[in-house]
1. Please state which of the following conditions Ala238 fails to meet, knowing it meets all the rest: (1) within 17 Å of Gly174 (Cβ to Cβ); (2) in contact with a strand residue (DSSP E or B) (Cβ under 8 Å, 6 or more places away or on another chain).
2. Considering only segment 86-165, give the strands (runs of 3 or more DSSP E) lying wholly within it that have at least 2 residues that are crowded, with 17+ Cβ neighbours inside 10 Å and at pLDDT 95 or above.
3. Please count how many residues of segment 224-236 are under 14 Å from Phe248 (Cα atoms) and surrounded by 16 or more Cβ atoms within 10 Å (Cβ to Cβ).
4. For segment 209-227, give me the residue count where each residue is farther than 14 Å from His27 by Cβ and either touching a His at 6+ places or on another chain (Cβ under 7 Å) or modelled with pLDDT under 95 (or both).
5. Take segment 192-223 and flag every residue that is crowded, with 23+ Cβ neighbours inside 10 Å and part of a loop (DSSP other than H, G, I, E, B).
6. Going by what's in this entry, would Ala208 be described as out of contact with any Cys (no Cβ under 9 Å at 6 or more places or on another chain) and small (Gly, Ala, Ser)?
Amino acid sequence: MTKAHGGFVWHELATTDLESAKAFYAHVVGWGAQDTPQAGFSYSLFTLPDGPVAGLMKLPEDAETRVAPHWLGYVAVDDVDLAVERLRRLGGAVYVPPADISGVSRFSIVADPQQATFALIQRLRTPLAPSAAPDAPGRVGWNELLAADWEQAFAFYNKLLGWQEMERRPGPMGVYQSFAAGAEMMGGMIDKPPTLPHPFWLYYFNVADIEAAAKRVEEAGGEILYGPDEAPGAALIAHCADAQGAAFALMERRARKPVGYIVAPAPAAAGRRA
């Protein structure tokens, strides 16, 4: 976790069936799994040969009727407590107040004013060893917000995290605005289709061959919601749901450019239930 304030540094799957999730993503993306028990709960790491890629934890049983399996992105901040105070002043909500992860860091699970959920995490005192380039297969290569109003959402994240506007692309579903933290372009925003019940963050996993990866999604019990298809920005994309219904996306990137216009996944696969 070496990125500057405002960058996505970690992604985590909360789900109902850990073993099924491990098998699913092993087949689709090629991830291994490593169990790392924490105090009071089980936690696993999705891994590649050069190190961890993402986290995996079981949804608490008392939350399973309220929260669907979903992916959660963590954004680095210099001080979690100060960032949460600022988020509240800007109209955001706090689902999990700032808390320590023993021996690791301090975090909080929050939502923007349009109720898209994400997490804030204080940067590690001892950074992890450098990993492969974010464009490498198996890495999380793009972070996308499907917003109720992307312009209002961008204003919030700009004030909270200092994100800057990058390329803006018009499309049949509206304007797609890419954004950066510092010099790193890492995602985009667009107004969600009215068929989606609520805004949410969608995360793209890099693959070398998207047609083959899409077939593996279905072989493993998941669903293709959109694509594979070409997106502006020299990328092929597919929107998917895993075997427990958590939404994610695949991307075969041909060049280091923004993804561009993206079509949203179906409501049934969108993370938090309305």
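The values are calculated or read from the model by the stated rules, or taken from the named source; none is laboratory data. This is a predicted model, so every value here is computed, not measured. Methodologically, a virtual Cβ is constructed for each residue, glycine included, from the backbone with ideal geometry; neighbour enumeration extends over all protein chains shown.
1. In the conditions (1) within 17 Å of Gly174 (Cβ to Cβ); (2) in contact with a strand residue (DSSP E or B) (Cβ under 8 Å, 6 or more places away or on another chain), Ala238 misses (1) alone.
2. The strands (runs of 3 or more DSSP E) meeting that bar are 105-111, 117-122, 140-147.
3. Looking only at that region, the number is 4.
4. Count: 3.
5. Lys192, Pro199, Val207, Gly222
6. For Ala208, the condition - out of contact with any Cys (no Cβ under 9 Å at 6 or more places or on another chain) and small (Gly, Ala, Ser) - is met.
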